[in-house]
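The values are calculated or read from the model by the stated rules, or taken from the named source; none is laboratory data. Computed from a predicted model, the values in this text were never measured in an experiment. Every residue, glycine as well, gets a Cβ built from its backbone with ideal geometry; the counts of neighbours run over all protein chains shown. Ligands, DNA and RNA are stripped out before the accessible areas are found, and what is left, the full protein with its side chains, is counted by its heavy atoms. Shrake-Rupley method; radii C 1.70, N 1.55, O 1.52, S 1.80 Å.
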Amino acid sequence: METSKTFSISFWLKKTAKRKNGLVPIYARIKVDGIPSDLSIKRTTLEDHWCPKSNRLNPRVKG
């Protein structure tokens, strides 16, 4: 018996939850066999520090 599962994870900024201090929460979407589940990873960043092309923090920014 063989089983096969597909798995993917992606990150994005939830811009609708932007705080007054400019910080935006980072969320993760995990898909298993095409079924998505979104969750907060309990981290925030400034929108300027996010690289939209790679969907991650700009590696040149510390902190």
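Structure summary
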item	result
Any hit, the stretch 11-18, residues being surrounded by 11 or more Cβ atoms within 10 Å (Cβ to Cβ), of a type in the set (Phe, Trp, Tyr) and in contact (Cβ under 8 Å) with a residue 24 or more places away in the chain	yes
Hits in the stretch 28-48 - residues which are of a type outside the set (Val, Ile, Thr) and within 16 Å of Ala17 (Cβ to Cβ)	Ala28, Arg29, Asp38, Leu39, Ser40, Lys42, Arg43, Leu46, Glu47
Failed criterion for Arg56 (all others in (1) open to solvent by 70 Å² or more (accessible area, probe 1.4 Å); (2) modelled with pLDDT of 90 or more hold)	(2)
Residue satisfying condition, being part of a strand (DSSP E or B), in contact (Cβ under 8 Å) with a residue 12 or more places away in the chain and open to solvent by 100 Å² or more (accessible area, probe 1.4 Å), within set Arg43, Arg29	Arg43
Hits in the stretch 1-10 (condition: outside any strand (DSSP E or B) and either open to solvent by less than 80 Å² (accessible area, probe 1.4 Å) or polar (S, T, N, Q) (or both))	Thr3, Ser4, Thr6
